[in-house]
Amino acid sequence: MTSGINSKDAIFLALTGATGKTDHHADGAKELKAGPTTGPSATTHGRLLRLKNRSQYQAADVAGADARKAVEWAARLVDAAAGSVAN
């Protein structure tokens, strides 16, 4: 979860040389949406954020299907960050 959400910073640093810092992760999705070639990552980032509080701060378990999707989404963002840094 955290690696996917924080991948936004690596993507933006690689593409633009700067990234916004805020305590509100939703602002990161807005930054990705407005950024160069990062629209699909914004959608994935937003999906991951919708599960963040439930998966990290609540006592109840997240459904298995939701957990698998979160891992998939986080992996997409980590891959996008790795690709951005490699270029």
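The values are calculated or read from the model by the stated rules, or taken from the named source; none is laboratory data. None of these values were measured; they are calculated from a predicted model. As a convention, Cβ positions derive from the backbone with ideal geometry for all residues, glycine included, and neighbour counts pool all protein chains shown.
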### Message
Here are the criteria: (1) over 11 Å from the mean Cα position of the chain (by Cα); (2) small (Gly, Ala, Ser); (3) buried (at least 17 other Cβ atoms within 10 Å of the Cβ). Tell me which single one Ala60 does not satisfy.
### Response
(3)
### Summary
Taking the range 40-87 and keeping residues small (Gly, Ala, Ser) and touching a Lys or Arg at 6+ places or on another chain (Cβ under 6 Å) leaves Ala42
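Which residue, of Arg76, Arg68, Arg54, is modelled with pLDDT of 90 or more, among the charged types (D, E, K, R) and over 14 Å from the mean Cα position of the chain (by Cα)?
Exactly one of Arg76, Arg68, Arg54 is modelled with pLDDT of 90 or more, among the charged types (D, E, K, R) and over 14 Å from the mean Cα position of the chain (by Cα), namely Arg68.
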### Query
Could you list, in sequence order, the residues of the range 1-25 that are over 8 Å from the mean Cα position of the chain (by Cα), within 18 Å of Ala86 (Cβ to Cβ) and surrounded by fewer than 21 Cβ atoms within 10 Å (Cβ to Cβ)?
Asp9, Ala10, Leu13, Ala14, Leu15, Thr16, Gly17, Thr19
#### Entry: All positions within the range 26-49 that are of a type outside the set (Lys, Arg) and surrounded by fewer than 17 Cβ atoms within 10 Å (Cβ to Cβ)
Ala26, Asp27, Ala34, Pro36, Thr37, Gly39, Pro40, Thr43
